[in-house]
Amino acid sequence: MAVTVETHGSVAEAARALAQGGVYLGGGTGIMRGVNAGAVQGRVVRSSDPALRVIRSTADGFSLGAGVTMAQVLGERDLAFLHAAARSVGGPQVRAMGTIGGNLFAPHPYGDFATALLALGARALMASGSPRNLDDLLRDRDRTGLVAAVEVPRPRDPRAFGFVKVQRVKPRGVAVLSIAAHLPREGGRLRGVRVAFGAMGPAPLRASAVERVLEGATLDAATIARAAQVAAEGLTPPTDPVATGWYRASVVGVHLKRLLERMV
Amino acid sequence: MALKPVTFTLNGNAKAAFTEDGQNLLDFLRRSVGDLSPKYGCGQGGCGACTVLMDGAPVLACLTLAEAAQGARIETAAGLAGAALHPLQEAFMERFAAQCGYCTPGMLMAARALLDRNPRPSRDEVIEAISGNICRCTGYEPIIAAILDVAEGRVRA
Ligand SMILES: Cc1cc2nc3c(=O)[nH]c(=O)nc-3n(C[C@H](O)[C@H](O)[C@H](O)COP(=O)(O)OP(=O)(O)OC[C@H]3O[C@@H](n4cnc5c(N)ncnc54)[C@H](O)[C@@H]3O)c2cc1C
Ligand code: FES
Ligand code: FES
């Protein structure tokens, strides 16, 4: 078998084509490696729909086309709250090519930007027009359709959102882990807490044990210590050449503590 | 397999060539178009030796589909020199920033992308701009110094 590449003018047509099998190519930084090696065979579907590259502000945040690149995010001052996450992905070339849609499906240990989106409570808008929350989508990435856009709520207080990527090799290394925390406050207490980890499971996931500690609490030293203690609870992080699962589980609390201390 | 025509500009000159499904831009430029300046290092996005500019942005030619270059403006290291060498090329020579030279075309294009966007980068910005490019020979310092020489006007444009 060989590769056949189809380019569709609209997202809807690309989605219809994909429904009959094949793999979607966004920026290609993940997929092309397999194409070059002969590991990807059969239909490769792309779309030239300009809507995929559009960044729009909405009533409560932003709609980012799935084909928006990390470099595009970095070029938008209004998206400053996402800059740390976008900057953490690869080097300049990967950021010029790699898309938000592709990051949602990037295999472990990738998905740093998706981790930030998950903590922000972003939703994927599927090509079919139906929304899907990222918790569901990231839990079941194999059986998903084409994502057309991602809707990201704007954090009411940008200081309530923090992101850190822990890497071994600076500056272009893959993640040991990444952490994104959205900690809105009401009357001094944390309300609507969302914390996500990247590279701590097969895909970016919510740090449920940490969220349970933080929700309703005040962000003080005792709370931070308790959150750090439970950081790895219920998780079995993967082992890869960057770090063992044991190492990831051992250090995640330390890095969470440092991030939370920055956000006090 | 059907051949697909691709028309684009390469270093300012109109070009047309055929690509096959799945062919990457690096292979296309080298084998179908005859520009041997972008290098094949890894074919996986890890080394940056294949860096070219596509509509002004630095991209990895090995991870770009050749057919995505349809209508695009492609620039490679082969197009840097006019009647004289490009200032970046002069500075790389002056600073001994090329030893085996394999990484050099990619480094030059990553540097070019930076200076086009930000003509007076800081040292940290230079380091960041070449962070997707690997050099096994120089230890990077001469490359950083060469790019800063151009940015800070020590090499005449
Ligand atoms: C050298 C290098 C360094 C990297 N460093 C990092 C890093 O630090 N952090 C990180 O997170 N990633 C990293 N990556 C991985 C990758 O570049 C990014 O995750 C990028 O965001 C992937 O986007 P893409 O558009 O290039 O994906 P593609 O390769 O186009 O696609 C990746 C996967 O997503 C699917 N997909 C793409 N778009 C959609 C869509 N709209 N709807 C449904 N499915 C879709 C594809 O079918 C495929 O399965 C790196 C890659 C390389 C080569
Ligand atoms: S050959 Fe393209 S990055 Fe190595
Ligand atoms: S000069 Fe040899 S790899 Fe850079």
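The values are calculated or read from the model by the stated rules, or taken from the named source; none is laboratory data. Being a predicted model, the structure only gives us computed values, none of them experimental. Glycine gets a Cβ as well: all are built from the backbone with ideal geometry, and neighbour counts include every protein chain shown. Remember, those area values only see protein heavy atoms, side chains included, never the ligands or the DNA or RNA. Shrake-Rupley method; radii C 1.70, N 1.55, O 1.52, S 1.80 Å.
For segment B:79-91, enumerate the residues that are open to solvent by less than 60 Å² (accessible area, probe 1.4 Å) and touching a helix residue (DSSP H, G or I) at 6+ places or on another chain (Cβ under 8 Å).
B:Leu80, B:Ala81, B:His86, B:Pro87, B:Leu88, B:Gln89, B:Ala91 - these are the residues of segment B:79-91 that are open to solvent by less than 60 Å² (accessible area, probe 1.4 Å) and touching a helix residue (DSSP H, G or I) at 6+ places or on another chain (Cβ under 8 Å).
Which condition breaks for B:Ala68 when tested against (1) within 12 Å of the chain's Cα centre (by Cα); (2) part of a helix (DSSP H, G or I)?
(1)
Take the residues in segment A:142-170 that are within 14 Å of chain B (Cβ to nearest Cβ) and in a loop (DSSP other than H, G, I, E, B), then tell me which one is nearest to ligand 3 (Cβ to nearest atom).
Top of the filtered list is A:Val169.
Against the definition (of a type outside the set (Ser, Thr, Tyr) and farther than 20 Å from A:Arg95 by Cα), how does B:Leu63 come out, yes or no?
Answer is no for this residue.
May I ask you to say which residue of B:Gly22, B:Gly41 is within 16 Å of ligand 1 (Cβ to nearest atom), closer than 23 Å to A:Gly28 by Cα and open to solvent by 30 Å² or more (accessible area, probe 1.4 Å)?
The unique qualifying residue is B:Gly41.
Would you check if A:Gly90 is assigned to a loop (DSSP other than H, G, I, E, B), under 23 Å from B:Glu125 (Cβ atoms), touching a Ser or Thr at 6+ places or on another chain (Cβ under 8 Å) and away from ligand 3 (no atom under 16 Å from the Cβ)?
Criteria met by A:Gly90.
Given the conditions (1) within 14 Å of ligand 2 (Cβ to nearest atom); (2) within 14 Å of B:Asn24 (Cβ to Cβ); (3) within 11 Å of chain A (Cβ to nearest Cβ); (4) open to solvent by 10 Å² or more (accessible area, probe 1.4 Å), report the number of the one that B:Ala68 does not fulfil.
(1)
Can you spot a residue in segment A:179-191 that is within 17 Å of A:Ala85 (Cβ to Cβ), within 16 Å of ligand 1 (Cβ to nearest atom), in contact (Cβ under 8 Å) with a residue 40 or more places away in the chain and open to solvent by less than 20 Å² (accessible area, probe 1.4 Å)?
Taking every residue of segment A:179-191 in turn, at least one turns out to be within 17 Å of A:Ala85 (Cβ to Cβ), within 16 Å of ligand 1 (Cβ to nearest atom), in contact (Cβ under 8 Å) with a residue 40 or more places away in the chain and open to solvent by less than 20 Å² (accessible area, probe 1.4 Å).
Among the residues of segment B:110-149, which ones are touching a helix residue (DSSP H, G or I) at 6+ places or on another chain (Cβ under 6 Å) and under 22 Å from B:Leu26 (Cβ atoms)?
B:Ala110, B:Ala111, B:Leu114, B:Ala129, B:Ile130, B:Gly132, B:Asn133, B:Ile143, listed by residue number.
Residues in segment A:114-133 that are part of a helix (DSSP H, G or I) and surrounded by fewer than 23 Cβ atoms within 10 Å (Cβ to Cβ): how many?
0
Could you figure out which of (1) more than 16 Å from ligand 1 (Cβ to nearest atom); (2) touching a residue at least 40 places away in the same chain (Cβ under 8 Å); (3) within 23 Å of B:Phe8 (Cα to Cα) isn't true of B:Phe92?
B:Phe92 satisfies all of (1) more than 16 Å from ligand 1 (Cβ to nearest atom); (2) touching a residue at least 40 places away in the same chain (Cβ under 8 Å); (3) within 23 Å of B:Phe8 (Cα to Cα) except (3).
Report yes if B:Leu60 is in contact with a helix residue (DSSP H, G or I) (Cβ under 8 Å, 6 or more places away or on another chain), within 12 Å of chain A (Cβ to nearest Cβ), within 9 Å of ligand 2 (Cβ to nearest atom) and not hydroxyl-bearing (Ser, Thr, Tyr), otherwise no.
So B:Leu60 fits the description; yes.
Out of segment B:92-143, which residues are under 24 Å from B:Met54 (Cβ atoms), open to solvent by 50 Å² or more (accessible area, probe 1.4 Å) and within 15 Å of ligand 2 (Cβ to nearest atom)?
B:Tyr102, B:Ile134
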